[in-house]
1. Could you give the angle, 0 to 90 degrees to the nearest 10, between helix A:105-126's Cα long axis and the longest principal axis of the Cα atoms of chain A?
2. Quick one, what does Rg over Rh come out to for chain B if you take C-alpha atoms and the Kirkwood Rh?
3. Within 10 Å of each residue's Cβ, count the other Cβ atoms and sort B:29, A:126 from fewest upward.
4. Quick one: helix A:71-83 against the long Cα principal axis of chain A, what's the angle to the nearest 10°, folded into 0 to 90?
5. What is the mean projected area of the alpha carbon convex hull for the protein assembly as shown, to one decimal in square nanometres?
6. At 222 nm, what helix-only mean residue ellipticity would chain B give, in deg cm²/dmol to the nearest 500, using -39500 (n - 2.57) for each DSSP H run of four or more?
7. Could you tell me how far the Cα centroid of region B:46-75 sits from the Cα centroid of region B:120-145, in Å?
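Coordinate-derived values only; no laboratory data. Because the structure is predicted, anything quoted here is derived from the model rather than measured. For neighbour counting, all protein chains shown are included, and Cβ atoms are generated from backbone atoms with ideal geometry for every residue, glycine included.
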DNA sequence: GCTCAATCGTTAGTACAGCTAACTATATTT
DNA sequence: AAATATAGTTAGCTGTACTAACGATTGAGC
């Protein structure tokens with residue numbers, strides 16, 4: 001971490017943004033979570049299902065890594081998804097230790113439903129914004145996406 | 001919500017922003033939460049403590065409402081905070097049904113510590129951004145803050 | 001002033017989501 | 001063939017959320 005550029009510590013500005021970003025993200029998700037409750041599935045299950053639907057079938061370990069969760073946790077989440085018939089475990093034909101997780105058709109359906117509901121909820125409020133504000137928000141999200149994508153996984 | 005512009009339903013754009021905003025917020029908070037773990041307290045406790053520190057003492061019901069949680073849940077959170085000596089219950093002198101929750105000095109201290117750690121963590125990555133990107137992010141967060149502030153509480 | 005309904009909080013019981021440690025089963029390496 | 005490494009699961013703990021049922025207190029209406 002130590003190198004020789006003159007600016008070494010966060011500008012006050014940076015800290016302020018970080019703080020407000022954090023608080024804003026918390027409050028945003030609290031709101032949205034209530035919409036998700038209508039699906040009857042918890043947030044961890046919905047998030048894992050989303051990764052499965054958009055990323056395709058993958059092993060339990062990969063799914064755990066994608067969700068930044070330990071394998072035992074993901075194992076339970078998948079068990080829950082299986083009980084609701086939203087996903088299935090299939091054994092890998094090449095390596096019997098591996099378990100490939102697949103979203104079922106009904107899993108995809110539920111995910112898209114929930115997604116639509118959540119987006120409509122959010123979009124209802126975003127619609128109150130001007131085109132300019134919307135563009136600003138969009139660009140901010142893009143910056144954040146880039147930061148997260150390049151984030152070292154160690155923590 | 002009804003205005004005179006021809007567009008009535010969310011533009012695809014709006015939905016896309018809403019979707020990415022949601023996903024981004026989830027992943028951001030997953031990262032930050034790991035920093036908070038260093039405080040030894042869970043997220044619900046830290047969040048409630050934060051409300052107490054910045055909003056001052058309040059009744060259990062008020063705190064529950066502020067955190068958008070039911071009273072039994074807040075009761076347990078406060079019990080946890082009490083065991084860690086971060087907050088105290090005091091009976092209201094005017095109304096013996098009410099319980100006023102106060103942050104202790106050590107609660108304030110821990111909160112500020114955790115907040116500093118979290119912000120430094122976030123800011124470390126935000127520092128990798130250009131001034132332009134930072135400004136963009138800042139503006140996006142401001143838009144979002146405004147949306148959340150004006151958000152009707154019903155849901 | 002006494003009863004009764006409303007309010008505030010807690011207790012009990014359930015479910016979900018995260019962890020570590022210990023285990024089983026399979027693959028790989030030596 | 002035996003030792004080691006890898007993938008998942010099981011068991012057990014903690015924390016966070018809910019509803020339902022309850023106790024205590026207050027305030028209203030008679």
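1. It works out to around 20 degrees.
2. Expressed as Rg/Rh, it is 1.06.
3. B:29, A:126
4. 60 degrees
5. One quarter of the hull surface, i.e. the mean projection, equals 20.4 nm².
6. Estimated from H runs of four or more residues: -21500 deg cm²/dmol.
7. About 29 Å separates the Cα centre of region B:120-145 from the one of region B:46-75.
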